[in-house]
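Beneath this line is the structure, given in structure tokens, with notes to follow.
The values are calculated or read from the model by the stated rules, or taken from the named source; none is laboratory data. The structure displayed is predicted, hence computed values, not measured ones. Positions of Cβ are backbone-derived with ideal geometry, glycine not excepted, and every protein chain shown enters the neighbour counts.
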Amino acid sequence: MLRVSGQHLGRTPELGALSNSVPDPMTPAGPELLALTDAVVSADGDGAAQAAERLTEVLGEPSTVRAIAVAANFQMMNRMLDAIGVDYGGNEQIAAAIGVPFTTRE
Amino acid sequence: MSTSGHLARRVDGRIDDRLAATIDRTWSHIASPGSFFSGAERIQIAALGRARRHGDDRPATTLSAALVETVETFSDRAHTITAQWVDTRAAAGISRFAYVELLAVTCFAVVSDTFEYGIGACGIGDGLHPLPDPEPGHPTGAVDEQATVDGGWVPTVGPAFPPTGFSAIPAEHRLMHTLHRELYISVPKMFDLDLVRDGLARDQMELVAARTSLVNDCFF
């Protein structure tokens, strides 16, 4: 969805930025969004407050709160999908596009 | 302790009422009797998952060892779950319907903790807000009788798919869709690529979603 939505909006998203293989995801405020996501999902002490402050400076508080809400939602969806056995296939290709190793669970 | 208005009081108007109400409703839901677990047991599930995620000592519990292991696996290593492991849960006496409720409660607690931590309404460890007192009452036993194992590892109404993940248990299914709609996007709007929420464009939301998934080692 990142690639499809970015291209729809006339941008060229860099999936490698998800794994820090490339520095900029080519999404507006991308580095700030990634930093906030990391800090919130990892519950990184003071890091979350600092990352939220940086993103708020760029996009404003409502967008920052929305980004946190999206991360929270995917904390649920990731666990649900991994635990109920939904498999779209193509996971190996996704991992390759992002630039991370993929190990099958079976 | 009342759960009503908990978040709204803490953030003092920094987030909109619907988001605050959704998170408050989530805590109330966790504390209420479910289909297979009492409110007290559901609070223990939330506490076990929270402790595991933050590397804290395992809290005292009346839940069986199999239930504890299942919740802790959902909490911090769901990406390692296999069909064979799910079979071992059934062999340990956890029905596939009860498995869905355990998973849902664990997931809902992660949502609330992540959101409240992210917006600065609470800290981590001892700084997380106290779990609510459990609501009295007995488990209802309610399931959707149409749910069958269809392409996944647990019963779903229709094929196993993101919108049907918790569909075997109607109350958990409804809350999952409420959270998905209020925090991210409603399922009917999933293909609206021009959607903007609170100034955040769709690809910006997807960047957050994709990074969260990578941190969780989830490739779906």
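For the subset of region B:160-207 comprising residues that are within 20 Å of B:Ala31 (Cβ to Cβ) and acidic (Asp, Glu), which member is surrounded by the most Cβ atoms within 10 Å (Cβ to Cβ)?
Restricting to residues being within 20 Å of B:Ala31 (Cβ to Cβ) and acidic (Asp, Glu), the top hit is B:Glu172.
Can you tell me which residues in region B:189-205 are among the basic types (Lys, Arg) and either closer than 24 Å to A:Asn91 by Cβ or more than 7 Å from chain A (Cβ to nearest Cβ) (or both)?
In the first step, residues of region B:189-205 are kept if they are among the basic types (Lys, Arg); the result is B:189, B:197, B:202.
B:Lys189, B:Arg202 - these are the residues of region B:189-205 that are among the basic types (Lys, Arg) and either closer than 24 Å to A:Asn91 by Cβ or more than 7 Å from chain A (Cβ to nearest Cβ) (or both).
Taking the conditions exactly as written (touching a Lys or Arg at 6+ places or on another chain (Cβ under 9 Å), within 24 Å of B:Asp16 (Cβ to Cβ), more than 7 Å from chain B (Cβ to nearest Cβ) and in contact (Cβ under 8 Å) with a residue 24 or more places away in the chain), does A:Leu15 satisfy them or not?
Details: touching a Lys or Arg at 6+ places or on another chain (Cβ under 9 Å): yes; within 24 Å of B:Asp16 (Cβ to Cβ): no; more than 7 Å from chain B (Cβ to nearest Cβ): yes; in contact (Cβ under 8 Å) with a residue 24 or more places away in the chain: yes.
Against the criterion (touching a Lys or Arg at 6+ places or on another chain (Cβ under 9 Å), within 24 Å of B:Asp16 (Cβ to Cβ), more than 7 Å from chain B (Cβ to nearest Cβ) and in contact (Cβ under 8 Å) with a residue 24 or more places away in the chain), A:Leu15 does not qualify.
Please indicate, with yes or no, whether at least one residue in region A:87-106 is basic (Lys, Arg), closer than 30 Å to B:Ser167 by Cβ, within 14 Å of the chain's Cα centre (by Cα) and facing chain B (nearest Cβ under 7 Å).
As a first pass, look at region A:87-106 and keep what is basic (Lys, Arg): A:105.
This time we only want the ones that are closer than 30 Å to B:Ser167 by Cβ, so: A:105.
Checking the rest, the ones that are also within 14 Å of the chain's Cα centre (by Cα) come to none.
So far as region A:87-106 goes, no, none of its residues is basic (Lys, Arg), closer than 30 Å to B:Ser167 by Cβ, within 14 Å of the chain's Cα centre (by Cα) and facing chain B (nearest Cβ under 7 Å).
Has region B:101-123 got at least one residue that is loosely packed, with under 15 Cβ neighbours inside 10 Å and at pLDDT 95 or above?
Going residue by residue through region B:101-123, those that are loosely packed, with under 15 Cβ neighbours inside 10 Å are none.
No, region B:101-123 contains no residue that is loosely packed, with under 15 Cβ neighbours inside 10 Å and at pLDDT 95 or above.
Would you check which residues across region A:23-32 are surrounded by fewer than 21 Cβ atoms within 10 Å (Cβ to Cβ) and either touching a residue at least 40 places away in the same chain (Cβ under 8 Å) or under 15 Å from B:Ser213 (Cβ atoms) (or both) and list them?
Answer for region A:23-32, where residues must be surrounded by fewer than 21 Cβ atoms within 10 Å (Cβ to Cβ) and either touching a residue at least 40 places away in the same chain (Cβ under 8 Å) or under 15 Å from B:Ser213 (Cβ atoms) (or both): there is none.
Only residues that are of a type in the set (A, V, I, L, M) and either in a loop (DSSP other than H, G, I, E, B) or within 11 Å of the chain's Cα centre (by Cα) (or both): list them for region A:41-67, please.
A:Val41, A:Ala43, A:Ala67
Condition check ((1) more than 7 Å from chain A (Cβ to nearest Cβ); (2) in a helix (DSSP H, G or I); (3) touching a Ser or Thr at 6+ places or on another chain (Cβ under 6 Å)) across all residues:
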{"position": "B:Gln146", "(1), (2), (3)": "yes, no, no"}
{"position": "B:Gly152", "(1), (2), (3)": "no, no, no"}
{"position": "B:Ala171", "(1), (2), (3)": "yes, yes, no"}
{"position": "B:His177", "(1), (2), (3)": "yes, yes, no"}
{"position": "B:Arg181", "(1), (2), (3)": "yes, yes, no"}
{"position": "B:Leu207", "(1), (2), (3)": "no, yes, yes"}
{"position": "B:Cys218", "(1), (2), (3)": "no, no, no"}
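At the interface with chain A (Cβ under 7 Å from one of its Cβ atoms) and touching a Gly at 6+ places or on another chain (Cβ under 7 Å), is that true of B:Gly165?
no
Yes/no matrix, rows are residues, columns are (1) within 27 Å of B:Pro170 (Cβ to Cβ); (2) within 13 Å of another protein chain (Cβ to nearest Cβ); (3) at pLDDT 95 or above; (4) within 17 Å of the chain's Cα centre (by Cα):
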{"position": "B:Ile43", "(1), (2), (3), (4)": "yes, no, yes, yes"}
{"position": "B:His54", "(1), (2), (3), (4)": "no, yes, no, yes"}
{"position": "B:Ser64", "(1), (2), (3), (4)": "yes, no, yes, no"}
{"position": "B:Val86", "(1), (2), (3), (4)": "yes, yes, yes, no"}
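Please work out if A:Ala51 is within 10 Å of chain B (Cβ to nearest Cβ) and in contact with a Leu (Cβ under 7 Å, 6 or more places away or on another chain). Please lay out each step first, then the result.
Details: within 10 Å of chain B (Cβ to nearest Cβ): yes; in contact with a Leu (Cβ under 7 Å, 6 or more places away or on another chain): yes.
Yes, satisfied.
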